[in-house]
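Q: Here it is: the structure, laid out below.
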Amino acid sequence: MNAPLRRVAVSALVLFALLIANANYVQVFEGNKLRTDTGNTRVLLEEYERQRGAIVVGGKSVAESRPTNDKLKYLRVYPGKDIYAPATGYYSVVYGATGMEQAENDILTGNDDRLFTRRLSDLLTGRDPRGGNVVLTLQPQAQQAAYQQLGGRRGAVVALDPRSGAILAMATSPSYDPTALTTHDPVAIRKRYETLVDAEEEPMLNRAINQRYPPGSTFKVVIAAAALERGLKPDSLVDCPRTYTPPQTTRPLPNFNGETCGAARVTLNDAFTNSFNTAFGKLAVEQLKEPAVREKAAAFGVDQTGFAMPLDVSASQVCDRRVDPPIGDGKCRIPDDPALAQSAIGQRNVAITPLQGAMIAAAVASRGRLMKPHLVDQVQATDLSTLDRTEPEPFDRKLPEVISAEVAGQLTSMMVSVVQNGTGKAAQIPGVQVAGKTGTAQNGRGADHAWFIGFAPADNPTVAVAVVLENAGGRSSEVTGGRAAAPIAASVIKAALSAQRGSG
């Protein structure tokens with residue numbers, strides 16, 4: 001009789017030990033995952049018990065929580081509406097959080113360790129707990145100008161302060177009002193969400209950081225930088241045939257719309273100002289070679305690795321690792337001379353985000369120092385005291401200078417020439433010298449994309465900008481693309497400069 005009892009007792013002890021072990025495993029290893037699971041109703045109800053912190057731009061809330069009389073004590077609303085949706089994202093009882101609502105969730109909910117003292121104080125004093133605030137770097141004037149100038153057309157605008165990497169504008173079009181996704185009516189939320197997801201215009205896509213486009217001739221800034229570093233000068237003569245046929249192919253590379261260069265050889269500055277494809281294709285293939293092009297693109301940030309600021313940014317690329325030859329570390333190389341000639345003019349598999357375009361301009365503007373873009377200026381406690389402030393830092397600490405100050409100065413003069421004498425005249429601003437580069441990029445889906453990247457004032461830059469308009473470039477000349485994108489850039493630059501003068 002004792003033996004069966006002992007076996008039962010041992011079995012019970014083993015089962016109890018397994019139960020304790022499983023409970024500890026769940027708490028230690030799975031606890032955070034379960035706590036942050038958007039499907040966890042208990043956590044959701046707990047979060048709605050406290051007032052979520054605000055997302056602030058220019059001293060005003062663009063996302064905030066307001067008291068209600070229903071089961072969920074607070075309702076998330078977005079006074080910033082569609083203008084700020086790419087930055088704020090949404091906080092939904094059905095679909096969880098996106099954008100800054102997700103990236104800074106711990107601060108906004110009050111769960112961040114930096115708010116522990118406040119939570120303890122609330123518990124002891126009986127005050128209603130609430131989350132901290134997130135203050136963004138966006139300038140209201142620049143953001144509004146960017147969104148309004150897009151005018152509902154598909155595209156994006158990014159503006160940076162090249163001195164610090166602060167993002168002054170991040171607009172995407174078309175957009176959406178997040179408030180429709182944050183009601184307390186799950187049926188209405190699902191209906192609106194499905195409408196947005198199914199829309200052909202993709203209003204929920206943050207084109208500024210998550211859509212990649214062929215950069216077209218804006219990529220010639222990178223090629224020109226590599227050439228200047230090899231010893232060429234803006235007045236150096238380069239070959240500029242009407243068409244250029246690289247080795248290993250019989251297919252010629254033409255200038256845009258079959259234009260001629262006006263001479264067999266032109267200065268590098270003239271080739272850049274007038275955006276002659278043949279000059280840059282031949283320069284890349286016969287003088288620079290593939291490693292120099294790829295490595296200089298990587299220095300500017302055009303690589304296969306994305307980053308966070310704190311929103312996740314899609315990786316830009318100079319080649320496609322899915323089809324191009326690998327070189328290790330998940331990277332690839334441009335496979336041959338015909339591909340290199342096409343890549344040199346921003347076509348083939350070169351693809352960048354609008355943010356990356358602004359980063360290229362910003363690196364030149366800051367005399368070769370590329371700063372890491374950031375969207376958060378500071379995070380605040382509930383009493384509005386500063387918990388943490390973003391400090392400017394290089395994009396790549398191992399590479400403090402993307403190009404030398406001398407090369408940056410030469411590129412600046414060439415980019416000024418584009419706006420004053422070339423394809424970017426539509427970006428001119430009275431009283432302000434603008435440096436820039438236009439681009440018109442074939443994409444295989446209708447009319448070409450129109451690009452402009454640039455900065456101002458050229459002699460002391462405080463704003464760098466990139467604009468892309470989908471299927472707006474036409475096919476007649478690159479001037480057409482400049483006329484589409486450059487005026488938007490000029491409007492955003494003027495708005496940003498005005499705001500900077502007002503705050504200064």
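The values are calculated or read from the model by the stated rules, or taken from the named source; none is laboratory data. None of these values were measured; they are calculated from a predicted model. Here Cβ is always computed from backbone atoms with ideal geometry, including for glycine, and neighbour counts include all displayed protein chains. To get the accessible areas, we keep the full protein, side chains included, count just its heavy atoms, and leave off ligands, DNA and RNA. Shrake-Rupley method; radii C 1.70, N 1.55, O 1.52, S 1.80 Å.
Q: Full extension from E295 to Q442: what is 0.36 nm times the residue separation minus their Cα-Cα distance, to one decimal in nm?
A: On the way: separation 147, 0.36 × 147 = 52.92 nm, distance 2.40 nm.
Net length gain for the segment: 50.5 nm.
Q: Now, a different point. Between T260 and S11, what length comes free when the chain is fully extended (0.36 nm per residue of separation minus the Cα-Cα distance, one decimal in nm)?
A: 80.7 nm
Q: Right, something else. So, R0 is 30 Å and r is the distance between the beta-carbons of Q148 and R230; what FRET efficiency does that work out to, to 0.05?
A: According to the calculation, E is roughly 0.10.
Q: Something else: If you roll a 1.4 Å probe over the stretch 328-415 with all protein chains in place, what percent of the accessible area is carbon or sulfur? Display every interim value, and only then the final one.
A: Values: 1480 of 3400 Å².
Looking at the stretch 328-415 in its full context, I get 44 percent from C and S.
Q: About the Cα centre of the stretch 331-413, how large is the charge dipole given +1 on each Lys and Arg Cβ and -1 on each Asp and Glu Cβ? Please answer in debye to the nearest 20.
A: Approximately 260 debye in magnitude.
Q: When the Cα atoms of the chain are enclosed in a convex hull and the volume is divided per residue, what value in Å³ results? Please list the in-between numbers first.
A: On the way: hull volume 100.7 nm³, N = 504.
So the per-residue Cα hull volume is 200 Å³.
Q: Take every DSSP beta bridge whose two residues both sit in the chain, then give the antiparallel share in percent to the nearest 5.
A: The answer is about 95 percent antiparallel.
Q: Along Cα→Cβ, 7 Å out, is where each label goes; now give me the distance between the ones at A199 and R389 in nm to one decimal.
A: With each label point 7 Å from Cα toward Cβ, the separation is 3.8 nm.
Q: Dipole size in debye (nearest 20) for the chain around its Cα centre, Lys and Arg Cβ +1, Asp and Glu Cβ -1?
A: So the dipole magnitude of the chain works out to roughly 160 debye.
Q: Need the list of aspartates and glutamates near K233 for cross-linking: C-alpha distance under 14 angstrom, and skip anything on the same chain fewer than eight residues off.
A: Candidates past the 8-residue exclusion: D270, E406.
Q: Taking only protein heavy atoms and a 1.4 Å probe, what accessible area per residue, in Å², does the stretch 285-440 have with all protein chains in place?
A: Here the per-residue accessible area is 39 Å².
Q: Holding the Cα-Cα limit at 26 Å, pick out from K81/K494; K282/K372; K331/K372; K372/K425 the pairs that are longer than that.
A: K282/K372; K372/K425
Q: What does the highest-first list of 438-448, 191-201, 276-286 look like by mean Cβ count within 10 Å? Mind dumping the intermediate values first?
A: Working: 438-448: 20.1, 191-201: 12.5, 276-286: 25.5.
The most tightly packed comes first, giving 276-286, 438-448, 191-201.
Q: A further question follows. Relative contact order for the chain: what percent, with Cα pairs under 8 Å and sequence separation of 6 or more?
A: Once normalised by length, the contact order is 15 percent.
Q: I need the phi-derived Karplus couplings for the stretch 213-226: 6.51 cos²θ - 1.76 cosθ + 1.60, θ = phi - 60°, integer Hz, Gly and Pro marked x.
A: 10, x, x, x, 6, 5, 6, 5, 4, 5, 5, 4, 4, 4
Q: Please report, in whole Å, how far the alpha carbons of the stretch 327-478 spread along each principal axis, starting with the longest.
A: Over the stretch 327-478, Cα extents along the principal axes are 57, 49, 35 Å.
Q: Still on this structure, I have one more. Taking θ as phi - 60°, what are the ³J(HN,Hα) couplings along the stretch 151-168 by the Karplus curve (6.51, -1.76, 1.60), each to the nearest whole Hz, with x for Gly and Pro?
A: x, x, 6, 5, x, 7, 9, 10, 10, 10, 8, x, 6, 10, x, 5, 7, 8
Q: How large is ³J(HN,Hα), in whole Hz, for each residue of the stretch 336-342 in order, when computed from phi with the Karplus curve 6.51 cos²θ - 1.76 cosθ + 1.60 and θ = phi - 60°, using x for Gly and Pro?
A: 7, 5, x, 5, 5, 4, 5
Q: In whole percent, how big is the carbon plus sulfur part of the accessible area of the stretch 60-218, probe 1.4 Å, protein atoms only?
A: That fraction is 48 percent.
Q: Take the Cα atoms of the stretch 325-417, find their three principal axes, and give me the spread along each one in whole Å, biggest first.
A: 61, 36, 24
Q: For the stretch 215-316, what Kirkwood radius comes out of the mean inverse Cα-Cα distance, in Å? Mind dumping the intermediate values first?
A: Working: mean 1/r = 0.0684 Å⁻¹.
Radius from the Kirkwood sum: 14.6 Å.
Q: While we're on this one: How big is the Kirkwood radius of the stretch 173-269, worked out from every pair of different alpha carbons and given in Å to one decimal?
A: Across the stretch 173-269, the inverse of the average 1/r is 18.4 Å.
Q: Modelled label-to-label distance, T249 and A21, 7 Å Cα→beta-carbon offset: nm?
A: The answer from the label model is 6.2 nm.
Q: Which one of L375, A21, A188 is farthest out on the positive end of the charge dipole of the chain, using unit charges on Cβ (Lys, Arg +1; Asp, Glu -1) and the Cα centre as origin?
A: A21
Q: Can you give the FRET efficiency to the nearest 0.05 for R501 and K191, using r as the Cβ-Cβ distance and R₀ = 60 Å?
A: The calculated FRET efficiency here is 0.85.
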